[in-house]
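Worksheet for the structure shown next.
The values are calculated or read from the model by the stated rules, or taken from the named source; none is laboratory data. Given the structure is predicted, the values throughout are model-derived calculations rather than measurements. Positions of Cβ are backbone-derived with ideal geometry, glycine not excepted, and every protein chain shown enters the neighbour counts. Remember, those area values only see protein heavy atoms, side chains included, never the ligands or the DNA or RNA. Shrake-Rupley method; radii C 1.70, N 1.55, O 1.52, S 1.80 Å.
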Amino acid sequence: MSQRVRGIGMTSERTRLRMVERLRASGVRDAAVLGAMAEIPRHIFVDEALASRAYDDVSLPLGHGQTISHPLTVARMCELARAGGPLGRVLEVGTGCGYQAAVLSKIAREVFSVERIGALLEQARVRILRELKLRNVRMKLADGQEGLPEAAPFDAIVVAAAASAPPAALAEQLAPGGRMILPLGTQKQRLCLIERSASGLIDNMLEEVHFVPLRSGTLR
Ligand code: SAH
(Lines give C-alpha, C1' and ligand atoms only; values in the text may rest on other atoms or scores of the structure.)
Protein backbone atom coordinates (compact mmCIF):
# COMPACT_ATOMS: atom_id res chain seq x y z
CA MET A 1 0.00 0.00 0.00
CA SER A 2 1.37 3.45 -0.87
CA GLN A 3 2.17 6.02 1.83
CA ARG A 4 -0.58 8.25 0.43
CA VAL A 5 -3.22 5.53 0.78
CA ARG A 6 -2.00 4.49 4.23
CA GLY A 7 -2.10 8.07 5.53
CA ILE A 8 -0.54 9.62 8.61
CA GLY A 9 -1.81 11.74 11.54
CA MET A 10 -5.13 13.31 10.51
CA THR A 11 -5.35 10.93 7.55
CA SER A 12 -4.43 7.77 9.47
CA GLU A 13 -6.57 4.70 10.12
CA ARG A 14 -7.02 5.85 13.73
CA THR A 15 -8.64 9.08 12.59
CA ARG A 16 -10.86 7.10 10.22
CA LEU A 17 -11.95 4.73 12.99
CA ARG A 18 -12.93 7.74 15.10
CA MET A 19 -15.14 8.89 12.22
CA VAL A 20 -16.75 5.44 12.17
CA GLU A 21 -17.40 5.65 15.92
CA ARG A 22 -19.16 8.98 15.41
CA LEU A 23 -21.27 7.43 12.64
CA ARG A 24 -22.27 4.65 15.02
CA ALA A 25 -23.12 7.22 17.70
CA SER A 26 -25.26 9.05 15.12
CA GLY A 27 -27.38 5.93 14.64
CA VAL A 28 -25.73 4.04 11.76
CA ARG A 29 -26.21 0.39 12.75
CA ASP A 30 -25.29 -1.63 9.66
CA ALA A 31 -21.98 -3.35 10.44
CA ALA A 32 -21.21 -3.93 6.75
CA VAL A 33 -21.49 -0.20 6.03
CA LEU A 34 -19.45 0.77 9.08
CA GLY A 35 -16.84 -1.83 8.08
CA ALA A 36 -16.67 -0.48 4.52
CA MET A 37 -16.21 3.07 5.77
CA ALA A 38 -13.51 1.91 8.19
CA GLU A 39 -11.69 0.39 5.24
CA ILE A 40 -11.90 3.04 2.49
CA PRO A 41 -9.35 5.88 2.93
CA ARG A 42 -11.54 8.96 2.48
CA HIS A 43 -8.54 11.33 2.45
CA ILE A 44 -7.35 10.21 -0.98
CA PHE A 45 -10.65 11.40 -2.49
CA VAL A 46 -10.19 15.06 -1.55
CA ASP A 47 -7.69 17.67 -2.63
CA GLU A 48 -4.37 17.27 -0.83
CA ALA A 49 -4.83 20.70 0.81
CA LEU A 50 -8.06 19.42 2.43
CA ALA A 51 -6.84 15.92 3.34
CA SER A 52 -6.51 16.80 7.05
CA ARG A 53 -10.26 17.56 7.11
CA ALA A 54 -11.33 14.46 5.19
CA TYR A 55 -12.58 12.66 8.33
CA ASP A 56 -14.44 15.66 9.78
CA ASP A 57 -18.24 15.52 9.77
CA VAL A 58 -18.56 17.91 6.84
CA SER A 59 -19.05 17.91 3.11
CA LEU A 60 -16.02 19.33 1.26
CA PRO A 61 -15.52 21.01 -2.13
CA LEU A 62 -14.13 18.75 -4.83
CA GLY A 63 -13.79 21.24 -7.68
CA HIS A 64 -16.10 22.02 -10.62
CA GLY A 65 -18.63 23.39 -8.10
CA GLN A 66 -19.29 19.90 -6.70
CA THR A 67 -18.94 18.49 -3.17
CA ILE A 68 -17.98 15.20 -1.54
CA SER A 69 -20.97 14.10 0.53
CA HIS A 70 -20.98 14.30 4.32
CA PRO A 71 -19.81 10.94 5.84
CA LEU A 72 -23.15 10.46 7.61
CA THR A 73 -25.03 10.97 4.34
CA VAL A 74 -22.87 8.38 2.58
CA ALA A 75 -23.42 5.94 5.46
CA ARG A 76 -27.20 6.49 5.49
CA MET A 77 -27.54 6.04 1.73
CA CYS A 78 -25.48 2.83 1.81
CA GLU A 79 -27.48 1.52 4.76
CA LEU A 80 -30.79 2.23 3.00
CA ALA A 81 -29.47 0.60 -0.21
CA ARG A 82 -28.49 -2.56 1.65
CA ALA A 83 -31.59 -2.82 3.85
CA GLY A 84 -29.65 -5.31 5.95
CA GLY A 85 -28.88 -7.76 3.14
CA PRO A 86 -26.20 -8.37 0.50
CA LEU A 87 -26.35 -6.34 -2.72
CA GLY A 88 -25.76 -7.59 -6.24
CA ARG A 89 -25.67 -4.83 -8.84
CA VAL A 90 -25.75 -1.19 -7.81
CA LEU A 91 -25.93 2.00 -9.86
CA GLU A 92 -24.61 5.26 -8.49
CA VAL A 93 -25.56 8.51 -10.25
CA GLY A 94 -22.95 11.22 -9.60
CA THR A 95 -19.53 9.64 -9.07
CA GLY A 96 -17.98 12.98 -8.07
CA CYS A 97 -14.69 12.19 -6.37
CA GLY A 98 -15.54 8.46 -6.27
CA TYR A 99 -15.71 8.04 -2.49
CA GLN A 100 -19.22 6.65 -2.29
CA ALA A 101 -18.56 4.33 -5.24
CA ALA A 102 -15.54 2.97 -3.33
CA VAL A 103 -17.65 2.40 -0.21
CA LEU A 104 -20.36 0.74 -2.32
CA SER A 105 -17.74 -1.58 -3.83
CA LYS A 106 -17.30 -3.13 -0.37
CA ILE A 107 -21.02 -3.82 0.16
CA ALA A 108 -22.10 -4.80 -3.36
CA ARG A 109 -20.93 -7.41 -5.85
CA GLU A 110 -20.84 -4.96 -8.78
CA VAL A 111 -20.93 -1.16 -8.83
CA PHE A 112 -21.70 0.97 -11.87
CA SER A 113 -21.18 4.69 -11.38
CA VAL A 114 -21.95 7.45 -13.86
CA GLU A 115 -20.79 11.06 -13.79
CA ARG A 116 -21.54 13.94 -16.18
CA ILE A 117 -18.24 15.87 -15.68
CA GLY A 118 -15.36 14.20 -17.52
CA ALA A 119 -12.55 15.70 -15.40
CA LEU A 120 -14.10 14.40 -12.16
CA LEU A 121 -14.64 10.97 -13.65
CA GLU A 122 -10.99 10.72 -14.74
CA GLN A 123 -9.80 11.59 -11.23
CA ALA A 124 -12.21 9.06 -9.69
CA ARG A 125 -10.91 6.38 -12.07
CA VAL A 126 -7.33 6.95 -10.91
CA ARG A 127 -8.31 6.74 -7.24
CA ILE A 128 -10.63 3.76 -7.50
CA LEU A 129 -8.88 1.65 -10.12
CA ARG A 130 -5.22 2.61 -9.89
CA GLU A 131 -4.73 3.60 -6.25
CA LEU A 132 -7.25 1.32 -4.49
CA LYS A 133 -7.49 -1.37 -7.19
CA LEU A 134 -11.21 -1.89 -6.62
CA ARG A 135 -11.99 -4.17 -9.52
CA ASN A 136 -15.75 -4.38 -9.15
CA VAL A 137 -16.41 -0.72 -9.98
CA ARG A 138 -17.18 0.42 -13.51
CA MET A 139 -17.45 4.10 -14.34
CA LYS A 140 -18.90 5.93 -17.29
CA LEU A 141 -19.28 9.51 -18.51
CA ALA A 142 -23.05 9.83 -18.91
CA ASP A 143 -26.14 11.75 -17.90
CA GLY A 144 -27.36 9.59 -15.06
CA GLN A 145 -30.94 10.74 -15.48
CA GLU A 146 -31.11 8.11 -18.20
CA GLY A 147 -29.74 5.47 -15.84
CA LEU A 148 -27.55 2.82 -17.44
CA PRO A 149 -29.90 0.62 -19.51
CA GLU A 150 -27.08 -1.67 -20.70
CA ALA A 151 -26.36 -2.80 -17.13
CA ALA A 152 -29.93 -2.76 -15.73
CA PRO A 153 -31.74 -4.01 -13.72
CA PHE A 154 -30.18 -2.88 -10.44
CA ASP A 155 -30.79 -4.07 -6.89
CA ALA A 156 -30.16 -0.53 -5.73
CA ILE A 157 -29.77 2.90 -7.30
CA VAL A 158 -28.13 5.66 -5.27
CA VAL A 159 -28.42 9.20 -6.61
CA ALA A 160 -25.92 11.76 -5.28
CA ALA A 161 -27.50 14.92 -6.74
CA ALA A 162 -30.94 16.42 -6.07
CA ALA A 163 -33.87 16.56 -8.49
CA SER A 164 -37.40 17.91 -8.04
CA ALA A 165 -38.88 14.54 -9.05
CA PRO A 166 -37.42 11.04 -9.51
CA PRO A 167 -36.16 10.57 -13.11
CA ALA A 168 -38.57 8.10 -14.74
CA ALA A 169 -35.83 6.06 -16.45
CA LEU A 170 -34.24 5.23 -13.10
CA ALA A 171 -37.30 3.65 -11.48
CA GLU A 172 -37.71 1.50 -14.61
CA GLN A 173 -34.21 0.11 -14.10
CA LEU A 174 -34.90 -1.16 -10.57
CA ALA A 175 -35.03 -4.94 -10.21
CA PRO A 176 -38.08 -6.43 -8.43
CA GLY A 177 -37.52 -5.72 -4.73
CA GLY A 178 -34.93 -3.07 -5.68
CA ARG A 179 -34.49 0.21 -3.85
CA MET A 180 -33.62 3.69 -5.06
CA ILE A 181 -32.32 6.34 -2.68
CA LEU A 182 -32.32 9.92 -3.89
CA PRO A 183 -32.48 13.48 -2.60
CA LEU A 184 -35.63 15.28 -3.75
CA GLY A 185 -36.45 18.98 -3.68
CA THR A 186 -34.98 22.29 -4.77
CA GLN A 187 -34.73 24.63 -1.74
CA LYS A 188 -35.38 22.11 1.01
CA GLN A 189 -34.35 18.58 0.14
CA ARG A 190 -35.28 15.28 1.67
CA LEU A 191 -33.88 11.84 1.16
CA CYS A 192 -36.44 9.63 -0.57
CA LEU A 193 -36.50 5.82 -0.60
CA ILE A 194 -38.38 4.21 -3.49
CA GLU A 195 -38.93 0.46 -3.43
CA ARG A 196 -40.14 -1.69 -6.31
CA SER A 197 -42.59 -4.16 -4.80
CA ALA A 198 -44.84 -6.68 -6.54
CA SER A 199 -47.68 -4.15 -6.42
CA GLY A 200 -45.68 -1.20 -7.75
CA LEU A 201 -43.45 1.58 -6.47
CA ILE A 202 -43.63 2.56 -2.81
CA ASP A 203 -41.97 5.76 -1.64
CA ASN A 204 -40.96 7.10 1.74
CA MET A 205 -39.70 10.60 2.51
CA LEU A 206 -36.92 10.60 5.09
CA GLU A 207 -34.55 13.16 6.66
CA GLU A 208 -33.51 16.55 5.31
CA VAL A 209 -30.29 16.60 3.27
CA HIS A 210 -28.19 19.00 1.14
CA PHE A 211 -27.01 17.93 -2.29
CA VAL A 212 -25.85 19.72 -5.45
CA PRO A 213 -28.50 19.75 -8.20
CA LEU A 214 -28.87 16.97 -10.76
CA ARG A 215 -28.06 18.53 -14.16
CA SER A 216 -28.60 17.45 -17.75
CA GLY A 217 -26.03 16.56 -20.39
CA THR A 218 -22.34 15.72 -20.10
CA LEU A 219 -19.15 17.85 -20.04
CA ARG A 220 -16.00 16.35 -21.52
N1 SAH B 1 -20.87 10.51 -4.80
C2 SAH B 1 -20.04 11.64 -4.45
C3 SAH B 1 -20.80 12.94 -4.39
C4 SAH B 1 -20.85 13.55 -5.70
S5 SAH B 1 -21.54 15.17 -5.77
C6 SAH B 1 -19.32 11.36 -3.16
O7 SAH B 1 -18.91 10.27 -2.95
O8 SAH B 1 -19.11 12.27 -2.38
C9 SAH B 1 -22.70 14.89 -7.05
C10 SAH B 1 -22.14 14.59 -8.40
O11 SAH B 1 -23.24 14.36 -9.25
C12 SAH B 1 -21.33 15.73 -9.02
O13 SAH B 1 -20.05 15.28 -9.34
C14 SAH B 1 -22.13 16.09 -10.28
O15 SAH B 1 -21.31 16.44 -11.38
C16 SAH B 1 -22.88 14.79 -10.55
N17 SAH B 1 -24.08 14.91 -11.37
C18 SAH B 1 -25.03 15.88 -11.36
N19 SAH B 1 -25.99 15.62 -12.26
C20 SAH B 1 -25.64 14.44 -12.86
C21 SAH B 1 -26.22 13.64 -13.90
N22 SAH B 1 -27.36 13.98 -14.51
N23 SAH B 1 -25.58 12.51 -14.25
C24 SAH B 1 -24.43 12.12 -13.65
N25 SAH B 1 -23.83 12.84 -12.68
C26 SAH B 1 -24.42 13.98 -12.29
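Table for the structure above
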quantity	calculated
Gain upon complete extension [Gln3, Arg138; 0.36 nm per residue less C-alpha separation]	46.1 nm
Heavy-atom surface of the range 59-209, accessible at 1.4 Å and reported per residue (Å²)	40 Å²
Those residues of the range 107-140 whose amide nitrogen sits under 20 Å from the label point placed on Arg220, 7 Å along Cα→Cβ	114-126, 139-140
DSSP beta bridges in the chain [antiparallel fraction, %, rounded to 5]	40 percent
Those GluC sites (Glu not before Pro) in the range 29-120 that DSSP places in a loop and that have at most 11 other beta carbons within 10 Å	none
Helix-only mean residue ellipticity at 222 nm for the chain, each DSSP H run of n ≥ 4 adding -39500 (n - 2.57), per residue, nearest 500	-7500 deg cm²/dmol
Per-selection metrics, the range 115-183 (Cα): Rg and Dmax in Å	13.1, 36
Neighbour-limited loop hits for trypsin sites (Lys or Arg not before Pro), the range 29-120 (at most 14 other Cβ within 10 Å; DSSP other than H, G, I, E, B)	Arg29
Amide H contacts of Phe154 (H built 1.01 Å from N, under 5 Å, at least 5 apart or other chain)	Leu174, Ala175
Carbon + sulfur, % of accessible area of the range 59-209 - ligands and nucleic acids excluded, 1.4 Å	51 percent
Coarse-grained scattering of the chain at q = 0.08, 0.18 Å⁻¹, given as base-10 log I(q)/I(0) from a Debye sum over alpha-carbon atoms	-0.25, -1.39
Square roots of 5 times each gyration tensor eigenvalue, C-alpha, the range 1-66, largest first, Å	20, 15, 10
In the range 163-208, trypsin sites (Lys or Arg not before Pro) in a DSSP loop with at most 15 other beta-carbon atoms within 10 Å	Lys188
Top of Gln187, Gln66, Gln123 by mean-square fluctuation, Gaussian network on the chain, Cα under 10 Å	Gln187
Charge context of Thr186, other residues only, Cβ under 14 angstrom, K/R +1, D/E -1	+2
Residue of Ser105, Ser26, Ser69 that the Gaussian network model of the chain assigns the largest fluctuation, springs spanning Cα pairs under 10 Å	Ser26
